[in-house]
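The values are calculated or read from the model by the stated rules, or taken from the named source; none is laboratory data. Predicted, not measured: the structure shown is a model, and the values here were computed from it. Note: ideal-geometry Cβ built from the backbone for every residue, glycine included; neighbour counts use all protein chains shown. For the accessible areas, the whole protein counts, side chains as well, though only heavy atoms, and no ligand, DNA or RNA atoms are used. Shrake-Rupley method; radii C 1.70, N 1.55, O 1.52, S 1.80 Å.
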Amino acid sequence: MAEKIENENKEIIELIDQFVVRQRKEIKSQVVSRQTQLATLEQQLLLARRELEIEQQKLSRAKIDFKRKIEQHQSGVDEVVRSMLVEADQASFQSAHRIRK
C-alpha cells in the first residue's frame, strides 16, 4: 500500500515536472518573441525619429527661404513706393513751378 502511494506520488511529481518544463519553454518562447518585437519597434522608432529630423530640417530651410522671399518682395515694394514718391514729388514740384510762372 505504501509502495502504491509512493509510486503515485512519483507519477504526480513527474507530471508536475513535465508541466513545469513545458511552461518554461513556452515562457522562454514568449520572451524571445517579445524581445524580437521590441527590437523591431526600436528600429522603427529610430527610423521615425530620423525622418522627423529630416522633415524638421526641410521645414526650417523652407521657413528661411520664405522669409528671404518676403524680404525681397518687401524690398521691391519699398523701391516701387520710393520711386512713386519721387515721381510724385517731381510732379508736385513741376506743377508748383508752372503755377508760379
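Surface composition of the chain: carbon and sulfur atoms hold 58% of the protein heavy-atom accessible area at a 1.4 Å probe. With a simple spin-label model that places each label point 7 Å from the Cα along the Cα-to-Cβ direction, the separation between Gln56 and Gln23 comes to 4.7 nm.
Would you indicate which of (i) 0.97; (ii) 1.37; (iii) 3.37 is the value of Cα Rg over 2.2 N^0.38 Å derived from the coordinates of this structure? Derived directly from the coordinates: (iii).
In this label model, Gln72 and Ile13 are separated by 8.9 nm, measuring between points 7 Å along each Cα→Cβ vector. Once both labels are positioned 7 Å from their Cα atoms along Cα-to-Cβ, the gap between Glu42 and Lys4 label points is 5.8 nm. Within the full protein context, the accessible area of Ile54 is estimated at about 60 Å² for a probe radius of 1.4 Å. For an R0 of 30 angstrom, estimate the FRET efficiency from the Cβ-Cβ distance between Ala88 and Asp65 and round to the nearest 0.05. Between Ala88 and Asp65 the formula returns 0.30. The residues of the chain present an accessible area of 98 Å² per residue when probed at 1.4 Å with all protein chains retained.
Entry note, the chain: the mean residue ellipticity at 222 nm calculated from DSSP H runs of n ≥ 4, each adding -39500 (n - 2.57), is -37500 deg cm²/dmol after division by the residues and rounding to the nearest 500. Largest accessible area first, the residues Met84, Met1 order themselves as Met1, Met84 under a 1.4 Å probe with ligands, DNA and RNA left out.
Seen against the Cα atoms of the chain and their longest principal axis, helix 2-100 is set at about 0 degrees.
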